[in-house]
Every structure is written in C-alpha cells, then in structure tokens.
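Student: Could you have a look at this structure, given as structure tokens, before my questions?
The values are calculated or read from the model by the stated rules, or taken from the named source; none is laboratory data. Predicted model only: the values in this text are computed from it and were never measured. In this analysis, Cβ positions are derived from the backbone assuming ideal geometry, glycine residues included, and neighbour counts consider all displayed protein chains. Ligands, DNA and RNA are excluded from the accessible area calculation, which covers all protein heavy atoms including side chains. Shrake-Rupley method; radii C 1.70, N 1.55, O 1.52, S 1.80 Å.
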Amino acid sequence: MKIIPVTKRTPQLIKQLTVVWENAVRNTHSFLTETDIQYFKNSMPDILTQIPNLIIAVNEQQLPIGFMGIDGSEIAMLFIDQKYRGQGVGKRLIQFGIKNYQADRLTVNEQNPQAVGFYEHIGFVAYQRHETDDQGKPFPVLKMKLNIRN
C-alpha cells in the first residue's frame with residue numbers, strides 16, 4: 001500500500017473514489033437511508049474536486065482503497081474500502097495527515113461508533129457535539145481534536 005497526495009483529479013479517479021466512498025458508507029453508516037446515501041453520493045464528485053488536499057491509499061495494482069480529504073488542519077473526510085478495513089489503511093492516512101498537513105481536528109458522525117472509537121484510539125478526543133451535520137441534516141456529529149499528550 002502507498003499513500004499518495006493527489007495532484008491531478010481526473011474524472012476516472014473521482015469515479016473510483018466515489019465507489020470507495022459508497023462501499024465504505026454502506027458498511028459503516030447504517031443510520032443513513034438509501035435516499036441519504038444517494039444525496040451524498042451525488043455530491044461526492046464536487047466535494048472531491050473542491051477539497052483542498054486529497055490523499056489516497058492505493059493497493060499493489062495502484063487502485064484506490066481509501067482516501068482522506070484535508071481542509072486547513074481539519075480532516076474533512078476519511079473513507080476506506082470495506083475489504084481493507086482493519087488493515088491499518090486509515091491509521092496510515094491519519095498519520096500522514098498529521099505529519100504532512102498538521103491535521104489535528106475532525107468531525108465524525110456520532111452514530112458511527114466504530115469511527116468514533118477508531119479516532120479515539122488514534123488519540124483524538126471529542127470537544128463539541130452538534131445535533132446536525134454540516135449540511136443541516138439531523139445526524140449528530142462530534143468535533144474532535146488531537147490530544148497533544150499522545
């Protein structure tokens with residue numbers, strides 16, 4: 001596996017990352033309805049094109065298996081293909097973001113306890129809770145920051 005900052009966001013790459021996103025969401029975001037998934041899926045190409053820093057993890061065949069978006073010092077998104085979860089892909093992406101982008105904050109869906117636990121394991125702590133997500137949808141989110149003592 002390699003971690004690669006994306007310099008060229010081709011339509012093919014955006015499509016591949018949208019597939020990774022959908023696979024990850026369908027396996028980790030059980031609180032979303034099909035309508036919710038389609039709403040967010042339709043937004044993904046624009047989001048992936050506009051996020052300031054896009055970092056991907058690729059397998060031996062150079063195919064994307066996960067990705068992270070960073071805006072300033074905030075990890076705005078992290079999605080790992082279901083087949084690669086639990087193999088250190090997310091941890092390596094986060095470590096790359098911390099080291100190379102000074103990423104020390106993130107927002108996570110409270111209804112995704114696996115993700116909350118993962119971020120806590122890495123060293124993030126919740127400091128704020130909101131009843132709605134960034135789009136105003138009724139999905140509670142936790143704002144987390146890196147605990148500098150770790």
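Student: Given the structure, is Glu110 more than 23 Å from Glu131 (Cα to Cα) and among the acidic types (Asp, Glu)?
Tutor: Numbers: more than 23 Å from Glu131 (Cα to Cα): no; among the acidic types (Asp, Glu): yes.
So Glu110 does not fit the description; no.
Student: Looking at region 93-118, which of its residues are under 13 Å from the mean Cα position of the chain (by Cα) and outside any helix (DSSP H, G or I)?
Tutor: Matches in region 93-118: Ala103, Arg105, Leu106, Thr107, Val108, Asn109, Asn112.
Student: List the pairs whose first member sits in region 81-100 and is within 17 Å of Asn27 (Cβ to Cβ), whose second member is part of a helix (DSSP H, G or I), and whose Cβ atoms are under 7 Å apart, counting only residues at least 6 apart or on separate chains?
Tutor: From residues that are within 17 Å of Asn27 (Cβ to Cβ), the pairs are Asp81/Val20; Asp81/Asn23; Asp81/Ala24; Gln82/Asn23; Gln82/Ala24; Gln82/Asn27; Gly90/Phe118.
Student: Just need a number here: residues in region 113-130 that are under 13 Å from Ile94 (Cβ atoms) and either of a type outside the set (Phe, Trp, Tyr) or open to solvent by 100 Å² or more (accessible area, probe 1.4 Å) (or both).
Tutor: At the first step, the residues of region 113-130 found to be under 13 Å from Ile94 (Cβ atoms) are 115, 118-124.
With either of a type outside the set (Phe, Trp, Tyr) or open to solvent by 100 Å² or more (accessible area, probe 1.4 Å) (or both) added as a condition, the list becomes 115, 120-123.
Total satisfying the criteria: 5.
Student: Name the pairs: first residue in region 133-150 and at pLDDT below 85, second residue surrounded by 13 or more Cβ atoms within 10 Å (Cβ to Cβ) and not acidic (Asp, Glu), Cβ to Cβ under 8 Å, at least 6 apart or on different chains?
Tutor: As it stands, the answer is Asp134/Thr107; Asp134/Val141; Asn150/Gly123, since those pairs meet every condition given.
Student: Residue by residue through region 49-64, note down the ones that are among the aliphatic types (A, V, I, L, M) and open to solvent by less than 40 Å² (accessible area, probe 1.4 Å). Before the answer, list the steps.
Tutor: Taking region 49-64 first, the residues among the aliphatic types (A, V, I, L, M) are 51, 54-58, 63.
The answer is Ile51, Leu54, Ile55, Ile56, Ala57, Val58.
Student: Answer with yes or no whether Phe67 is in contact (Cβ under 8 Å) with a residue 40 or more places away in the chain, open to solvent by 20 Å² or more (accessible area, probe 1.4 Å) and within 14 Å of the chain's Cα centre (by Cα).
Tutor: Numbers: in contact (Cβ under 8 Å) with a residue 40 or more places away in the chain: yes; open to solvent by 20 Å² or more (accessible area, probe 1.4 Å): no; within 14 Å of the chain's Cα centre (by Cα): yes.
Criteria not met by Phe67.
Student: For region 131-150, name all the residues that are outside any loop (DSSP other than H, G, I, E, B) and open to solvent by less than 70 Å² (accessible area, probe 1.4 Å).
Tutor: Here is the first cut: in region 131-150, the residues outside any loop (DSSP other than H, G, I, E, B) are 141-146.
Val141, Leu142, Lys143, Met144, Leu146, listed by residue number.
Student: Further, regarding this structure: Against the condition open to solvent by less than 60 Å² (accessible area, probe 1.4 Å), modelled with pLDDT under 95 and outside any helix (DSSP H, G or I), how does Leu32 come out, does it pass?
Tutor: Details: open to solvent by less than 60 Å² (accessible area, probe 1.4 Å): yes; modelled with pLDDT under 95: yes; outside any helix (DSSP H, G or I): yes.
Criteria met by Leu32.
Student: Here is a follow-up. Identify all residues within region 76-92 that are open to solvent by less than 70 Å² (accessible area, probe 1.4 Å), assigned to a helix (DSSP H, G or I) and closer than 13 Å to His121 by Cα; write none if there are none.
Tutor: Residues of region 76-92 open to solvent by less than 70 Å² (accessible area, probe 1.4 Å): 76-82, 84, 88-90.
From what's left, assigned to a helix (DSSP H, G or I): 82, 84, 89-90.
Across region 76-92, the qualifying residue is only Gly90.
Student: Scan region 3-25 residue by residue and report those that are closer than 17 Å to Asn109 by Cα and without any contact (Cβ under 8 Å) to a residue 24 or more places away in the chain.
Tutor: Across region 3-25, the qualifying residue is only Glu22.
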